[in-house]
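Asks: I'd like to ask some things about the structure below.
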Amino acid sequence: MSAPAAALTALREKFPRVTERASADHPAADVPAEELLAVLRCLRDEHGYDLLADLTAVDWAEGASPRFTVIYHLLSTATPGYLRLATACAGDTEPAAPSVTGLWPAANWHEREAYDMFGIRFTGHPDLRRILMWDGYPHHPLRKEFPLAGVETPLPDPEIVAETGAKAIAAPMAGGPFVASPGEMKMTEAEPRAKDESWNEAKDKPE
């Protein structure tokens with residue numbers, strides 16, 4: 001089992017293209033996408049980083065190169081210690097990265113969420129489909145160009161339309177941004193409310 005800094009040093013000796021990444025908390029490294037699976041397998045099998053604690057992504061905004069980066073947080077349950085790895089996605093409009101579900105089956109839902117929210121395709125994923133938004137939803141809500149208040153989109157379920165009368169929803173954040181009231185308050189009264197409640201008011205108004 002290797003402490004994070006030692007594991008990172010050993011990793012860079014074995015994989016010269018792995019480079020240190022600036023980080024304020026845990027040791028971190030940038031890994032080329034074509035070496036990602038080999039690097040992660042090495043960390044898991046040779047250095048004891050047996051738990052994929054998190055997998056997420058970053059959209060650096062249009063014009064950045066690379067635009068999308070996938071971030072992996074690994075934990076050694078024996079040491080204990082964390083490592084953060086990052087890999088740049090190939091492609092800006094249709095980003096892609098290797099799936100790590102073959103190493104950690106728990107990556108399945110993490111990768112589905114990153115696909116749903118960012119549009120990143122994970123090659124080799126056994127069942128890559130949306131996990132939060134519905135099939136056919138045309139947007140990726142965590143991309144930089146997606147407005148905070150959401151985009152009005154037709155509801156796909158005729159049952160919901162029949163029950164509510166709503167034909168569209170500003171999914172996924174109707175009315176945002178959401179803010180809490182300023183000043184001292186009871187936490188039970190601090191539930192954030194949308195700055196713009198017009199969508200809810202229009203929905204509740206009798207025809």
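Read-outs: derived from the displayed coordinates by stated rules, not from any lab. Just so you know, these numbers come straight off a predicted model, no measurement behind them. Reconstructed Cβ throughout: ideal geometry from the backbone, glycine too, with neighbour counts over all protein chains shown.
Asks: Which loop chymotrypsin sites (Phe, Trp or Tyr not before Pro) in the range 64-170, with loop taken from DSSP, have no more than 15 other Cβ atoms within 10 angstrom of their Cβ?
Replies: Numbers: sites: Phe68, Tyr72, Tyr82, Trp109, Tyr115, Phe118, Phe122, Trp134; in loops: Trp134.
Within the range 64-170, the qualifying chymotrypsin sites (Phe, Trp or Tyr not before Pro) (loop, at most 15 other Cβ atoms within 10 Å) are Trp134.
Asks: Same structure again: By average Cβ neighbour count within 10 Å, what is the ranking of 57-67, 14-24 from highest down?
Replies: Numbers: 57-67: 14.5, 14-24: 11.6.
Top to bottom by mean Cβ count within 10 Å: 57-67, 14-24.
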